[in-house]
Amino acid sequence: MRGYTGFGSSMIWVSSLTLVLPPTAIVPVLLALEVLASAHLLPGAWAAVQWSTVWPLIVSAWVATPLGVWLLARVPAAPMRLAISLVVLAAALLFWRGVALRRTPGTGATLTVGAVSGLLNGSTSAGGPPVVLFYFSSPAAIGVQRASLIAYFLGSDAVGVGAAQLAGLFPLEAWLRVGLFLPAMLAGTAVGGRRFLGTTPETFRRVVLVVLMALGVIGVARALL
């Protein structure tokens, strides 16, 4: 999903893994994996990145991400699981319906989008939806949107990893999980990045959104029960 469309992997990871592990054990691992995935994809996308929009988003995300990590470290597991599932479910429904902003936001609104994304990223690792909607509303070509998302996630997730480390959320076990998941993630990113999947990006995205909606419903039910 990440290699093919440029976004969505964190929502898949977090909505599935938080069914069996507490968010504090998963979110830092996902932030580290997202940094590695973005670093793997960025060289091939560098030339298409729209830096004029990426930098304001990244800077505002840097300000808000530590607050999200602070919430992650202090909110009990059950409410955080419910919040993650609701964010994932709402995002999947919005993307399924093709919701987009009516026009590309100005500077103030761009900074707000980055801040909201950073807050969600630090607390749930699902900070992609606000920025994805931002680029979906842009007149830029799909390739530019994908490249800009890759660059944004590298910058925003890197500060999330640092904040999680400072908050004590990166014990040795977390780094072992990163090493365990990394080979499969890089393999999937490479396959998606080379468009080896036998479908269009739009069809593939809709299949993934169905999976995300199902995981979101399961996560909400688990949290409530």
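Read-outs throughout are calculated quantities, based only on the coordinates presented, and are distinct from any laboratory measurement. Note that this is a predicted model, so its numbers are computed, not measured. Note that each Cβ is placed from the backbone with ideal geometry, even for glycine, and that neighbours are counted across all protein chains shown.
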(Q) Nothing charged except the Cβ atoms of Lys and Arg (+1) and of Asp and Glu (-1): what's the magnitude of the dipole of the stretch 2-224 about its Cα centre? Round to the nearest 20 debye. (A) 440
Q) Relative contact order for the stretch 2-224 using alpha-carbon pairs under 8 Å, separation at least 6, rounded to a whole percent? A) 41
Q: Would you work out which of L180, V208, L154 lies farthest towards the positive end of the dipole of the stretch 154-215, given +1 charges on the beta-carbon of Lys and Arg and -1 on that of Asp and Glu, about the Cα centre?
A: V208
**Q.** Among L42, G219, P79 - extreme Cα towards positive end, dipole of the chain, charges at beta-carbon
**A.** G219
Q) So what's the gap between the Cα centers of the stretch 164-183 and the stretch 57-98, to the nearest angstrom? A) 19
**Q.** Stretch in the chain that is longest and holds no trypsin sites (Lys or Arg not before Pro) that DSSP places in a loop and that have at most 13 other beta carbons within 10 Å
**A.** 1-96
